[in-house]
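Everything on this sheet refers to the single structure shown next.
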Amino acid sequence: MSAFEKALAAGRPSNIVRLFPNSSALLVSGKFIDMAMLKKGKAICMAANARNHFIIRGALKAAHRANSVLIMEIARSEGGTNAYCAVNFWNLARQVDAVCNELGITIPVAIHADHYGIKKESDIAAAREEIPSLFEAGITSIAVDASHMPDDRNLLASIDIIKSVIPEWAGLETEVGEIKGKQGLSTVDEALFLIQGLNAHDIFPNWIALNNGTTHGIEESDQGIQVELTAEIHSALEKYRISGAQHGTSGNHSDRLRQIARTTSTTKANVATALQMISWGLEVNDYGNAILDSNGNFKKLKGEGVSEELWQEMVKFAHEKGWKGGNFKKLNLPFENKLLAQPRKIRERMAGRVEEFAYSMMVDVFDSRDTADIAIDLIIQAGSHDPGPKASRIEDPSEWTREKIIQKAELITGDKGPAGDFDD
């Protein structure tokens, strides 16, 4: 029996085995992805936001070619019940599994529900009801994101949801600070408060996401990721053995992303907008930011991505809806079937363009080459789909009761930035 076959027999969680009993796709807990990156050292796994089917195909082919682990993800805004994408929480695993089997993909892949947002108290009960359906549909990793609420409510909501409905074997991400660019930057105190409180309740996330200066969507400035701030916060959290999740990489210069890999504890980096634009055939710079013409419009490369006729239809539709810039993301849902209906040659060039960009990021920026073998070895060593937590409790639970959490939160100082509904 090969190493891959051994990992396939031991490493697939029960929900994946139930859904895909005869599959040869190695869909695994996000825990193994994090562990593989840590074992290699100074390496980051791409978390590819699957806004369309061609991103799934391209990212999987790139990871297989690089022999790299991969996270395929969709955020709640992208693929939840009010989605702007046709790929969603409930069909992502099915699509990934199908493509892996079709193309003979033999690298470990985690299926991540990103930014499961809790924005108000009433969202908690709804989350308890909905989240189990995600795992029943093949999710193997999740980001519980209550960062939109004050620090004490973020912590309390996270404890409630994680304890009640998140399987212990699943990869887990938490977040402090909404993604607001250079405003409302996360602080060491805020991050420590969240992770210490979770630790006291025997919750040991794989990743923490910060507001470290980046944005979602199109990066319109060169401010970007604050590497020194990220390193400072990760250093303060070191004894809690939590890795970083970097959001909003699209538009950040490759050198800055290399710095994140080399000088921080980041093991997961989300790539969303860049992959969408590349699959459509838009002109981008070397780090995936769309290039605009003199009138502020996207530049479509002839013979790349979608057909010229379909692109004109997409532009016309967006114009009629009043969508500009980053809001072109809303084209994903109404045009997915039209994209799938294109001739095979066009479909393949869409996925191929994603593959080339993703491969370059994996190999030249994130340094995740050959982490697939590391993850497979870790699965075999564990002999299970769950390697267990990578941390242990070091905080006193009696110091982190509900009442004391509220008291401690009052002592945290920091600028949360402007109010508003910041879309993830």
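Tell me which residues, restricted to the stretch 326-362, are surrounded by 15 or more Cβ atoms within 10 Å (Cβ to Cβ) and either outside any helix (DSSP H, G or I) or of a type in the set (Gly, Ala, Ser) (or both).
326, 342, 351, 352, 358, 360 - these are the residues of the stretch 326-362 that are surrounded by 15 or more Cβ atoms within 10 Å (Cβ to Cβ) and either outside any helix (DSSP H, G or I) or of a type in the set (Gly, Ala, Ser) (or both).
When you go through 79, 30, 58 one by one, which is the residue that is under 20 Å from residue 247 (Cβ atoms) and in contact (Cβ under 8 Å) with a residue 60 or more places away in the chain?
Sole residue among the options that is under 20 Å from residue 247 (Cβ atoms) and in contact (Cβ under 8 Å) with a residue 60 or more places away in the chain: 30.
Just give me the residues in the stretch 45-67 being outside any helix (DSSP H, G or I) and small (Gly, Ala, Ser), in sequence order.
Result: 47, 48, 50.
For the structure I just gave you, tell me whether residue 283 is surrounded by fewer than 21 Cβ atoms within 10 Å (Cβ to Cβ) and in contact with a strand residue (DSSP E or B) (Cβ under 8 Å, 6 or more places away or on another chain).
yes
So residue 408 passes all but one of these: (1) in a loop (DSSP other than H, G, I, E, B); (2) surrounded by 15 or more Cβ atoms within 10 Å (Cβ to Cβ). Which condition number does it fail?
(1)
Which ranges mark the helices (runs of 4 or more DSSP H) fully within the stretch 226-325 that have 2 or more residues being modelled with pLDDT under 95?
Result: 227-236, 254-263, 273-280.
Among the residues of the stretch 340-375, what is the count of those that are within 21 Å of the chain's Cα centre (by Cα) and more than 18 Å from residue 311 (Cβ to Cβ)?
20
The values are calculated or read from the model by the stated rules, or taken from the named source; none is laboratory data. Please read these numbers as outputs of a predicted model, since none were measured by experiment. Ideal geometry is used to build each Cβ from the backbone, glycine not excepted, and the neighbour counts take in all protein chains shown.
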